[in-house]
Each structure stands twice: as structure tokens, then as C-alpha cells.
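Q: One structure coming up, written as C-alpha cells, with questions to follow.
The values are calculated or read from the model by the stated rules, or taken from the named source; none is laboratory data. None of these values were measured; they are calculated from a predicted model. Glycine also receives a Cβ, built like all others from the backbone with ideal geometry; neighbour counts cover every protein chain displayed.
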Amino acid sequence: MDAMRKIAIITGAGSGIGRAVAPVLGAAGWSLVLAGRKPEKLAETATAVEAAGAEALCVATDVSRPEDVDALFAAASERYGRLDLLFNNAGTFGPGGLPVEDLPYSAWQKVVGTNLTGAFLCAQAAFRLMKAQTPQGGRIINNGSISAHAPRPDSVAYTATKHGMTGLTKSLSLDGRKYRIACGQIDIGNAATDMTERMRQGVPQADGELAVEPVMDVADIATTVLHMAELPLEANVQFATVLATTMPFIGRG
């Protein structure tokens, strides 16, 4: 491996934003460790990374399981010996359209386990590795959401986890200072992926109406993540909000 290449772990790498970010980082000279629950999807992302001229290691991972996270970071350390970037990207909406009073506890647990507990477990493992390596330090980028600022109707689990992600980002940013670990967050609104396909069909609004919402090219998220990732550790994008320009978020729609 080229000693000049930096090393990144991307969770949720098998689809959506993770799938878009991986080859962009690869083309910029990063080697990638791709984590996700479905090996066949990770293999597809790895093919795109390799086509961009980079190396990809696939590790099947459920980030809500501590033993899976331990195995992921052990595999990354064994292959590359260090870690420069964790993109904490794995996430799920959970069952949509259910009011608070009807949301099953199991559904709440699954969303919290993936979106928030999983992000914590991966950040904790990254801290341990980045603190111990030479030179010390690295960067964590957490995938938040515009739901970290304002909820959609009937999205209590997802919205609560994304508000929690903001607190996680702030605490990691503070606690990482002494180890040269920078932590920032990207809050995304309506990037065109499989998870947001429903936006094109119409989604509930705060006034009870159903409306089609604009989406943006997911490639624009990838270039933003690349910019955040390649800053020197003395500089940090603490929070970046990237959204479809005319989506109903700012103001009253």
C-alpha cells in the first residue's frame, strides 16, 4: 500500500450516501474500509472504489452490535495499521408514518440502535485507534440530517436520534481535542437515494398536506464530505447543512 494514502472507514457503505462517498474518496487517494450489513452490496461499492483507482476492504457489520464494531476496527487496524477518517453514515428511517402512540418499542430500539448507539460504538472504537496511533489523531464525520434541526410528521425515533447525533458530535469534538481528533457533522436534506425515493411520490407536511419535495444529486454530498475530510486537523467543519435548495425546510415551506 502507498504510505501516502489515507485510510477511511465508511459505515452504511453498501448503498445511498455511503455508496456515493466511497469512490469519490477513493479517487482522491484514500483507501477504504467499507462496512455494512449486506456483503453483496458492499462488493458493489468496492467495485466502484476499485474503478476509481483505490483499494477497498469489505467488512460485514451491524453497527448496533458491539462485537461487530470491534471486528470492523480490528480488521481495519490489521490491514492498514491506522485510521484517518471515520464517516459515521449508517442509518435507518424505521417505519414511516406511524404516530408516536403506535410506534412499536422494537422499532424504536432498532432506529436508536443503528442511528445513535451504532454511531457511538464506532466513534468510541475510532477514538481508541486514533489516540494510540503515530502520528496521533484523525477525523470523524457524523451523518446527521435536517431532522437534527426540525422534525417531519410521525418521525419521532429518527428525529430523536438525529438530535442525539448533534450532541454526540459536540461531545466528540470537545473530548477529541487533546488527541488531535476532529469531529464534524453533515446534515443532509433530500439527497436522491433509495431512502428518499418517496420524496418524489409525495410526503406528509406539517400542515397535514401531501407534497412532492425537490431532491438533489447525491454526488453533491460526496464532494462536501471530501472537502470536510481533507482539511488539516487544525481546521474543522463543525456543522454543514446541505439540502435541496427549494425543499420545504427554511421558513414555512
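Q: Answer yes if at least one residue in region 1-18 is under 18 Å from THR193 (Cα atoms) and free of Cβ contacts under 8 Å to residues at least 60 places away in the same chain, and no otherwise.
A: The first filter runs over region 1-18 and keeps only residues under 18 Å from THR193 (Cα atoms), leaving 10-18.
Restricting the remaining residues to those that are free of Cβ contacts under 8 Å to residues at least 60 places away in the same chain gives 14.
Among the residues of region 1-18, at least one is under 18 Å from THR193 (Cα atoms) and free of Cβ contacts under 8 Å to residues at least 60 places away in the same chain, which makes the answer yes.
Q: Now, a different point. Out of ALA71, ALA56, which single residue is farther than 21 Å from LYS131 by Cβ, out of contact with any Phe, Trp or Tyr (no Cβ under 6 Å at 6 or more places or on another chain) and among the small types (Gly, Ala, Ser)? Show your work before the answer.
A: Values: ALA71 fails: farther than 21 Å from LYS131 by Cβ.
Residue meeting the stated conditions: ALA56.
Q: It is to be established whether one or more residues within region 226-234 are farther than 20 Å from GLY18 by Cα, part of a loop (DSSP other than H, G, I, E, B) and of a type outside the set (D, E, K, R).
A: Keep residues of region 226-234 that are farther than 20 Å from GLY18 by Cα, which gives 232-234.
From what's left, part of a loop (DSSP other than H, G, I, E, B): 232-234.
Remaining after also requiring of a type outside the set (D, E, K, R): 232-233.
Yes.
Q: Check region 144-156 and report whether any residue there is surrounded by 15 or more Cβ atoms within 10 Å (Cβ to Cβ), of a type in the set (Lys, Arg) and modelled with pLDDT of 95 or more.
A: No, that holds for no residue.
Q: Here's another thing I want to ask about it. If I go through region 206-221 residue by residue, how many of them are over 21 Å from ILE141 (Cβ atoms) and either touching a helix residue (DSSP H, G or I) at 6+ places or on another chain (Cβ under 9 Å) or of a type in the set (S, T, N, Q) (or both)? Before you say what the answer is, go through the steps one by one.
A: Pass one, region 206-221, residues over 21 Å from ILE141 (Cβ atoms): 206-215.
Narrowing the set further to residues that are either touching a helix residue (DSSP H, G or I) at 6+ places or on another chain (Cβ under 9 Å) or of a type in the set (S, T, N, Q) (or both) leaves 212-215.
Here the count works out to 4.
Q: If you scan region 58-90, which residues turn out to be in contact (Cβ under 8 Å) with a residue 60 or more places away in the chain and either more than 22 Å from PHE120 (Cβ to Cβ) or surrounded by fewer than 19 Cβ atoms within 10 Å (Cβ to Cβ) (or both)? Spell out how you get there, then give the answer.
A: To start, the set of residues in region 58-90 that are in contact (Cβ under 8 Å) with a residue 60 or more places away in the chain comprises 72-73, 76, 80, 82-90.
Correct list: TYR80, ARG82.
Q: If a residue must be in a loop (DSSP other than H, G, I, E, B), out of contact with any Asp or Glu (no Cβ under 7 Å at 6 or more places or on another chain) and not charged (D, E, K, R), how many such residues does region 150-201 contain?
A: The first filter runs over region 150-201 and keeps only residues in a loop (DSSP other than H, G, I, E, B), leaving 150-155, 176, 180, 190, 192-193, 201.
Next, only the ones that are out of contact with any Asp or Glu (no Cβ under 7 Å at 6 or more places or on another chain) stay: 150-155, 176, 180, 193, 201.
Within this subset, residues satisfying the condition of being not charged (D, E, K, R) are 150-151, 153, 155, 176, 193, 201.
Total satisfying the criteria: 7.
Q: So, in region 209-223, how many residues would count as being in contact (Cβ under 8 Å) with a residue 12 or more places away in the chain and either in a loop (DSSP other than H, G, I, E, B) or surrounded by fewer than 17 Cβ atoms within 10 Å (Cβ to Cβ) (or both)? Explain how you work it out, then say what you get.
A: Filtering region 209-223 down to residues in contact (Cβ under 8 Å) with a residue 12 or more places away in the chain leaves 211-223.
Those left that are additionally either in a loop (DSSP other than H, G, I, E, B) or surrounded by fewer than 17 Cβ atoms within 10 Å (Cβ to Cβ) (or both): 211-215, 217, 219-220, 223.
Within region 209-223, residues that are in contact (Cβ under 8 Å) with a residue 12 or more places away in the chain and either in a loop (DSSP other than H, G, I, E, B) or surrounded by fewer than 17 Cβ atoms within 10 Å (Cβ to Cβ) (or both) number 9.
Q: Which members of region 1-57 meet the condition of being among the hydrophobic types (A, V, I, L, M, F, W, C), in a loop (DSSP other than H, G, I, E, B) and either crowded, with 24+ Cβ neighbours inside 10 Å or at pLDDT below 95 (or both)? Working first, answer last.
A: First, the residues of region 1-57 that are among the hydrophobic types (A, V, I, L, M, F, W, C): 1, 3-4, 7-10, 13, 17, 20-22, 24-25, 27-28, 30, 32-35, 42-43, 46, 48-49, 51-52, 54, 56-57.
Filter once more, keeping what is in a loop (DSSP other than H, G, I, E, B): 1, 3-4, 13, 28, 52, 54.
Answer for region 1-57, where residues must be among the hydrophobic types (A, V, I, L, M, F, W, C), in a loop (DSSP other than H, G, I, E, B) and either crowded, with 24+ Cβ neighbours inside 10 Å or at pLDDT below 95 (or both): MET1, ALA3, MET4, ALA13.
Q: Taking the conditions exactly as written (under 25 Å from MET228 (Cβ atoms) and in contact (Cβ under 8 Å) with a residue 12 or more places away in the chain), does LEU103 satisfy them or not? I'd like the intermediate steps shown before the answer.
A: Numbers: under 25 Å from MET228 (Cβ atoms): no; in contact (Cβ under 8 Å) with a residue 12 or more places away in the chain: yes.
No: the conditions fail for LEU103.
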